[in-house]
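**Q** Next up is a structure, given as structure tokens.
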Amino acid sequence: MISPEMLRRHTFFGGFSPPALKELAMAGSEQTLAAGERLFTEGSRADHFYFLAEGEMETLLKTDGEDICISTIPAGEPEGWSALIEPHIYTASARATRPSKVIAFPRPTFAALVGDDHFAATLMKKLAHLISRRLRDTQVQLLSLTARQHA
């Protein structure tokens, strides 16, 4: 369990009701990662949604047996959104670039809260914004890789 106040400090959790934040806090647990340690691996079952409380992560895609960094995730950002969207399989890997602390939320906690229309609407709006931003990051990385190949 973590403090609901810890969640309130981060903009991602803004807009959720106090009872929803309390339920999330009760289900959340802190994990620490050393630099270079993976939080999750592309293709594995997405049983947790994470929030990066401290540190920094990189999102990796595997191509031709090699990991390619497609984005850097700063503290204050979610990680592992695949846990909230079917088929609940991580679409990329996440690795700490420096010592980091994450809050892990079991997927069933979010599934139970989605029954509340306000929670569901707030969460979907936040996820749409997050996924859109991550897609733009990926597009920039692809353009950069393409430009290097043609140089």
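**Q** Of the conditions (1) outside any helix (DSSP H, G or I); (2) closer than 26 Å to K62 by Cβ, G115 satisfies every one except a single condition; which number is it?
**A** Every listed condition holds for G115 apart from (2).
**Q** Can I ask one more? Can you confirm whether L130 is hydrophobic (A, V, I, L, M, F, W, C), in a helix (DSSP H, G or I), surrounded by 15 or more Cβ atoms within 10 Å (Cβ to Cβ) and out of contact with any Pro (no Cβ under 7 Å at 6 or more places or on another chain)? Let's see the steps before the verdict.
**A** Working: hydrophobic (A, V, I, L, M, F, W, C): yes; in a helix (DSSP H, G or I): yes; surrounded by 15 or more Cβ atoms within 10 Å (Cβ to Cβ): yes; out of contact with any Pro (no Cβ under 7 Å at 6 or more places or on another chain): no.
Against the criterion (hydrophobic (A, V, I, L, M, F, W, C), in a helix (DSSP H, G or I), surrounded by 15 or more Cβ atoms within 10 Å (Cβ to Cβ) and out of contact with any Pro (no Cβ under 7 Å at 6 or more places or on another chain)), L130 does not qualify.
**Q** Can E42 be described as part of a loop (DSSP other than H, G, I, E, B) and among the acidic types (D, E)? Lay out the reasoning, then the answer.
**A** Working: part of a loop (DSSP other than H, G, I, E, B): yes; among the acidic types (D, E): yes.
Spelling it out, E42 is indeed part of a loop (DSSP other than H, G, I, E, B) and among the acidic types (D, E).
**Q** Oh, and also: For the range 19-37, check the following and say yes or no: at least one residue is closer than 25 Å to Q141 by Cβ and either touching a helix residue (DSSP H, G or I) at 6+ places or on another chain (Cβ under 6 Å) or modelled with pLDDT under 95 (or both).
**A** no
**Q** Residues F49, F13: which one is in contact (Cβ under 8 Å) with a residue 40 or more places away in the chain and within 21 Å of R134 (Cβ to Cβ)? It would help to see each step written out before you state the result.
**A** Details: F13 fails: in contact (Cβ under 8 Å) with a residue 40 or more places away in the chain.
Answer to the selection: F49.
**Q** Okay, moving on. Looking for something part of a helix (DSSP H, G or I), free of Cβ contacts under 8 Å to residues at least 60 places away in the same chain, over 20 Å from P18 (Cα atoms) and under 14 Å from the mean Cα position of the chain (by Cα) - is there at least one such residue anywhere in the range 84-107?
**A** Of the residues in the range 84-107, the ones part of a helix (DSSP H, G or I) are 84, 107.
Subsequent filtering for residues that are free of Cβ contacts under 8 Å to residues at least 60 places away in the same chain retains 84.
Checking which are over 20 Å from P18 (Cα atoms) leaves us with 84.
Okay, now just the ones that are also under 14 Å from the mean Cα position of the chain (by Cα), so 84.
Scanning the range 84-107, I find at least one residue that is part of a helix (DSSP H, G or I), free of Cβ contacts under 8 Å to residues at least 60 places away in the same chain, over 20 Å from P18 (Cα atoms) and under 14 Å from the mean Cα position of the chain (by Cα), so the answer is yes.
**Q** Quick one: is D47 in contact with a His (Cβ under 9 Å, 6 or more places away or on another chain), surrounded by 12 or more Cβ atoms within 10 Å (Cβ to Cβ) and of a type in the set (D, E)? Lay out the reasoning, then the answer.
**A** Numbers: in contact with a His (Cβ under 9 Å, 6 or more places away or on another chain): yes; surrounded by 12 or more Cβ atoms within 10 Å (Cβ to Cβ): yes; of a type in the set (D, E): yes.
Yes: the conditions hold for D47.
**Q** Could you pull out the residue among A104, A120, A94 that is touching a His at 6+ places or on another chain (Cβ under 6 Å) and surrounded by 12 or more Cβ atoms within 10 Å (Cβ to Cβ)? Even if it seems obvious, please write down each step before you answer.
**A** Details: A120 fails: touching a His at 6+ places or on another chain (Cβ under 6 Å); A94 fails: touching a His at 6+ places or on another chain (Cβ under 6 Å).
The conditions single out A104.
The values are calculated or read from the model by the stated rules, or taken from the named source; none is laboratory data. Because the structure is predicted, anything quoted here is derived from the model rather than measured. Don't worry about glycine lacking a Cβ; one is built from the backbone with ideal geometry, like all the others, and counts go over all protein chains shown.
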